[in-house]
């Protein structure tokens with residue numbers, strides 16, 4: 001149990017360290033845009049070339065895998081819409097959109113991590 005906690009804390013430390021770095025270092029908006037675009041492209045490539053291929057090889061099927069991807073996108077876009085509607089669409093709710101993304105991303109990861117720890 002302690003080993004799982006230490007490994008989980010180590011894996012999450014990058015999020016804390018990058019948050020602290022951004023707090024102290026001012027990054028130009030253009031650089032943030034380039035990095036966000038690169039990250040989005042990397043994620044789409046990983047899904048297209050790795051996860052969908054894995055779904056096909058494990059018998060899940062490309063259609064079902066694509067539907068799960070679409071469901072995740074709809075959940076995030078719907079949540080982002082609600083954040084913009086509730087807190088303003090002029091960029092004031094931007095931080096909450098990031099929090100929403102972290103939560104939506106973190107829930108399945110936490111469930112899988114918990115299952116792995118429980119199974120040993």
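Structural remarks
- Boolean, residue 33 is assigned to a helix (DSSP H, G or I), touching a helix residue (DSSP H, G or I) at 6+ places or on another chain (Cβ under 8 Å) and modelled with pLDDT of 85 or more: no
- From 49, 113, residue being part of a helix (DSSP H, G or I), touching a residue at least 60 places away in the same chain (Cβ under 8 Å) and within 26 Å of residue 12 (Cα to Cα): 113
- Residue 60 being more than 16 Å from the chain's Cα centre (by Cα), surrounded by 11 or more Cβ atoms within 10 Å (Cβ to Cβ) and in a loop (DSSP other than H, G, I, E, B): yes
The values are calculated or read from the model by the stated rules, or taken from the named source; none is laboratory data. All values reported here derive from a predicted model rather than from experimental measurement. Methodologically, a virtual Cβ is constructed for each residue, glycine included, from the backbone with ideal geometry; neighbour enumeration extends over all protein chains shown.
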